[in-house]
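A short write-up of the structure that comes next.
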Amino acid sequence: MSGALVLIQSCTVDMIRIKCPYCGERDHSEFTYGGDASIKYPALDAPESEWTKAIFFRENIRGMQKETWHHTNGCRLWLEVERSTITHEIKSVKACHPQIEKITKSKS
Amino acid sequence: MTRFNAWNVFKNGFTGQKNWDRQWRDPEPKKQYDIIIVGGGLHGLATAYYLAKNHNKKNIAVLEKGWIGGGNAGRNTTIVRSNYMLPGNHEFYEHSLKLWENLSHELNYNVMFSQRAHVSLFHSPGAKDGAARRYNIMRLYGTDAELWDLDTLKKNIPHLNYYDARFPIMGAAVQRRAGNARHDSAVWGYARAADSLGVDILQNCEVTGVKRSQNNIESLETSRGTIKAKKVGFAVAGHTSVLWQMAGLGNLPIESHKLQAFVTESVKPLLDHVVVYGVGGAHFYISQSDKGSMVFGGDLDWYKSYAQRGNLPMVQDTAEAAMAIMPCLGRIRLLRHWAGVMDMSMDGSFFICKTPLSNLYLNAGWNYGGFKASPASGWYFADLIASEQPHKHIQNHNLERFEKGINIDERGAGPDPKLHG
């Protein structure tokens, strides 16, 4: 492919393709975006300021970030995806729940 | 700077319109400014203009990483309205609409503000009740608002789908004083007016670092050198988090999402109003530009992104919504579509507030509604920077509102930024 064509393609719209560990590679329109996967919720009796931070405040990374996607129109697994918020390139996909991850691994 | 008036247009007509001055200067950055506004979009330029005009401030610079009009100022669907109902919001947006009404005279620049009415369709008795509630609240606060029944709507906009729509159109909530304006004119107008009051507009000047002491900013590292500032205002919608972290301030109640807009080939006059359609999963707003193009938009692309380009499923969704209410658009050709990166805040409302640093002020979180808000945004942000006291209309538009439980959530969608469309 010529350099110019690569350049044009990188500037045009792109469909994100997510490799679901259970169903295989699908268009992102089958999935629902969840949100930031790095959030850790504090203990139930933690002070209000900690809960405020967990619920309302985001790092909002410009670059690779961990995020959740739900395969709504597929196997309905929640997935943890590492994706660039600049190029939309996906680095890794795995099931959120560690025990389900074991099953999907044994399947492949 | 030459003023625009009939005599000057006539005079310059004799010399082929070649002797007009520059619209704004292209100065070299000074070593130090009293006030630096980061972000040369509508909000940043309006802020600089009102600082100079209302508060008589001197020695102001606006830093823009690209060129004036190249960011979200050139990526919106140009709609201006004030149909908000929560305290703070309705005063703020009504003030903004009033500023729009006089903006062309204020700036001596034709911003082509056209009060063609904002017509928001409803499709069920429940939606009608909801619209009646919101629009009655608007009337109580002195904003114009009315409900159109189906006959009135048909008379005003005859070519909507009144025949076989999946969700039959039952009427519309209308704000007659709303409409749209020309986005380029607004941003150029503010740049020119601010410049004529002595504001330095520094283009191609990206902030690359923030040098700070314990509780204030000392200077900004930029692509055009180090610049010191006594006060700094951030107005960089879309990239607020990036700059905030550059200043070492941690997280914000903001996510960056992208919103697409579309423009078609020009057609003869077809639509005299701004029409909004929202039911179930659909969200669609359309108007016709002065050139004849249909300008419209839909929902966010649903996932977080800093890329200024949109995805295809949303093109399809928006096209489906267009066909659902205006089937006559079926054969029209799309010329361009693009995306802008926006601060989506955790409750759908904006921030004009002080920050943990004593000389840093924040203007951010404009969600879908930054364009219409820009005159008031500049007005109140300038007021905050000059007086150090938040005006009573924006006293809750700060970063502490979440911890206090006084979220300003017009839509009642909860703490998920992508839902505040």
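The values are calculated or read from the model by the stated rules, or taken from the named source; none is laboratory data. Note that the coordinates shown come from a computational prediction; the quantities given were computed from them, not determined experimentally. Virtual Cβ from ideal backbone geometry, glycine too; neighbours counted across all protein chains shown. The accessibility values were calculated without ligands, DNA or RNA, using every heavy atom of the protein model including side chains. Shrake-Rupley method; radii C 1.70, N 1.55, O 1.52, S 1.80 Å.
May I ask which of A:K66/B:K354; A:K91/B:K65; B:K304/B:K372; B:K65/B:K211 have a Cα-Cα span longer than 22 Å here?
A:K66/B:K354; A:K91/B:K65; B:K304/B:K372, as the Cα separations exceed 22 Å there.
Once phi is turned into ³J(HN,Hα) by the Karplus curve 6.51 cos²θ - 1.76 cosθ + 1.60 with θ = phi - 60°, what whole-Hz value does each residue of the stretch B:378-388 show in order, with x for glycine and proline?
Taking θ as phi minus 60°, the curve returns x, 4, 6, 5, 4, 4, 5, 5, 6, 9, 6 Hz for the stretch B:378-388.
So what is the relative contact order for the stretch A:16-107, in percent, with contacts set as C-alpha pairs under 8 Å and at least six apart?
It rounds to 28 percent for the stretch A:16-107.
Just tell me the longest site-free run in chain B, where the sites are trypsin sites (Lys or Arg not before Pro) in a DSSP loop having at most 10 other beta-carbon atoms within 10 Å.
Result, exposed sites excluded: B:32-165.
May I ask for the angle, rounded to the nearest 10°, between helix B:42-55 and the longest principal axis of chain B, with both axes built from Cα atoms and the value confined to 0 to 90°?
60
Ignoring ligands, DNA and RNA and using a 1.4 Å probe, state the total buried accessible area between A and B in Å², rounded to the nearest 100.
Buried area between the two chains comes out at roughly 2600 Å².
Given the protein assembly as shown reduced to its alpha-carbon atoms as identical point scatterers, what log10 I(q)/I(0) does the Debye formula return at q = 0.08 Å⁻¹?
Scattering profile of the protein assembly as shown, log10 relative to I(0): -0.55.
When you have a sec, figure out the Kirkwood radius of the stretch B:291-421 from all distinct Cα pair distances and drop it here in Å to one decimal?
Result for the stretch B:291-421 stands at 17.1 Å.
Consider all pairwise Cα distances in the stretch B:225-309 and report the whole-number % of them above 21 Å.
Details: 1937 of 3570 pairs.
Taking all Cα-Cα pairs of the stretch B:225-309, the fraction more than 21 Å apart is 54 percent.
To the nearest 20 debye, what charge dipole does the stretch B:201-344 have about its Cα centre, counting +1 at the Cβ of each Lys and Arg and -1 at the Cβ of each Asp and Glu?
520
Give, to the nearest whole percent, the P(r) tail of the stretch B:99-225 beyond 21 angstrom, counting all Cα pairs. Provide the component values of the computation, followed by the final result.
Values: 5064 of 8001 pairs.
Tail of the P(r) past 21 Å holds 63 percent of the pairs.
Run lengths n ≥ 4 of DSSP H only: what is the helix-derived mean residue ellipticity at 222 nm for chain B, with -39500 (n - 2.57) per run over all residues, to the nearest 500? Before the final figure, lay out each step's value.
Values: 11 runs with 120 residues, N = 421.
When only DSSP H runs of four or more count, the value is -8500 deg cm²/dmol.
For peptide B:253-259, compute the average count of partner chain beta-carbon atoms within 10 Å of each residue's beta-carbon.
Partner Cβ neighbours, averaged per residue: 4.
Could you work out how far helix B:183-196 tilts from the main Cα principal axis of chain B, as a 0 to 90 degree angle to the nearest 10?
Once rounded, one gets 20 degrees.
Take every DSSP beta bridge whose two residues both sit in chain B, then give the antiparallel share in percent to the nearest 5.
Restricted to chain B, the bridges split so that about 75 percent are antiparallel.
Within the stretch B:1-82, list the chymotrypsin sites (Phe, Trp or Tyr not before Pro) lying in a DSSP loop whose Cβ has at most 10 other Cβ atoms in a 10 Å radius.
Qualifying residues, ordered by number: B:F14.
I'd like to check one number: the per residue accessible area of the protein assembly as shown, probe 1.4 Å, reported in Å² as a whole number.
45
About its Cα centre, what dipole magnitude does the stretch B:1-66 give when the only charges are +1 on Lys and Arg Cβ and -1 on Asp and Glu Cβ, stated in debye to the nearest 20?
160
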